[in-house]
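**Student:** Can you keep this structure in mind? I'll have questions shortly.
Values quoted throughout were computed directly from the atomic coordinates according to the rules given, and no laboratory measurement underlies them. Treat the numbers as computed from the prediction; the structure is a model and nothing was measured. We place every Cβ from the backbone using ideal geometry, glycine too, and count neighbours over all the protein chains shown.
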Amino acid sequence: MKGRVLIIAGSDCSGGAGIQADIKSVTCLGGYAATAITALTIQNTTGVFDVLGIAPELIVQQATVTIDDIGADAIKTGMLHSVPVIDAVAQFIKTKCEGIPVVVDPVMISQSGSRLLNEDAVEALISKMVPCAMVLTPNIPEAEVLSGMKITNEEDMITAAHKIGELGAQSVLIKGGHAEGDKIVDILWRHDGDVEGFEGDRIPSENNHGTGCSLASSIATGLAQGMGLSDSVARARAYVREAIRTAPDYGKGNGPLNHAHPVTG
């Protein structure tokens, strides 16, 4: 087991997304997952029914005792639902995580369409969390909010990534799953201006609950294991794509992935 990943995110009681998907992804890729839970969500494949936020000081305490004892080779953040939580987590990263790569998944809306970020917290997410990111992993709707522009094609994705990078992120991976077409293209933009595209055939499936969480945690695992960013993204995409392709088809809505499929490479 190599690569300690501290995950700061919300819990999904149905097991498909959030902390549960994060732990599965990190573990199946050979890393060690530790967690600081930001919220308890009452959700399943059909939607989010309630959210109980954890007090910011308890979130920081979870993260602090973990990193002081076990340490971390990478940090992954997910659901940070309120301004006080964002403020607390950003301060923790600033004071306790110097030199540790941080993967920020700017969770706003669940796969089922439920809001997971308070409307008044968007600006805090932009000003406090985006600058923490070694890599930020928005989907297209999230990237539109962060960049303030409409995204309709790959050129728009590159422009939006550059705009988001100007907000402080070292690199930005805009995920193309929400675009139409038989191909999915993810765009990785780096602060040096380098742009890399990752393309694959769209897998026809409604089993996509937790794909964003799983991808971000998989990237964090690669970084924790000493892989470069491009290789971390490539392996994470391959892992998540196979998890979608072999999904067990559970639930009445957007079903969970098969995180436990054999991993190669």
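**Student:** Condition (residue is buried (at least 18 other Cβ atoms within 10 Å of the Cβ), out of contact with any helix residue (DSSP H, G or I) (no Cβ under 8 Å at 6 or more places or on another chain), hydroxyl-bearing (S, T, Y) and closer than 29 Å to L257 by Cα) applied to the stretch 69-89: is it met by at least one residue?
**Tutor:** No, every residue in the stretch 69-89 fails to be buried (at least 18 other Cβ atoms within 10 Å of the Cβ), out of contact with any helix residue (DSSP H, G or I) (no Cβ under 8 Å at 6 or more places or on another chain), hydroxyl-bearing (S, T, Y) and closer than 29 Å to L257 by Cα.
**Student:** Quick check on my filter: what residues within the stretch 241-265 are among the basic types (K, R) and either closer than 17 Å to S110 by Cα or free of Cβ contacts under 8 Å to residues at least 40 places away in the same chain (or both)?
**Tutor:** The answer is K252, and nothing else.
**Student:** Could you please tell me which pairs satisfy a Cβ distance under 6 Å, a separation of 6+ or placement on different chains, a first residue in the stretch 93-106 that is in contact (Cβ under 8 Å) with a residue 60 or more places away in the chain, and a second residue that is in a strand (DSSP E or B) and of a type in the set (A, V, I, L, M)?
**Tutor:** P101/A74; V103/V135; V104/L136
**Student:** Of everything in the stretch 235-251, what is part of a loop (DSSP other than H, G, I, E, B) and either crowded, with 21+ Cβ neighbours inside 10 Å or touching a strand residue (DSSP E or B) at 6+ places or on another chain (Cβ under 8 Å) (or both)? Give them in sequence order.
**Tutor:** A247, P248, Y250, G251
**Student:** Any chance the stretch 136-146 includes a residue that's within 17 Å of the chain's Cα centre (by Cα), hydroxyl-bearing (S, T, Y), assigned to a helix (DSSP H, G or I) and surrounded by 24 or more Cβ atoms within 10 Å (Cβ to Cβ)?
**Tutor:** No, the stretch 136-146 contains no residue that is within 17 Å of the chain's Cα centre (by Cα), hydroxyl-bearing (S, T, Y), assigned to a helix (DSSP H, G or I) and surrounded by 24 or more Cβ atoms within 10 Å (Cβ to Cβ).
**Student:** Going through the stretch 207-233 one residue at a time, which ones are aliphatic (A, V, I, L, M), more than 21 Å from E142 (Cβ to Cβ) and outside any loop (DSSP other than H, G, I, E, B)?
**Tutor:** The answer is A224, and nothing else.
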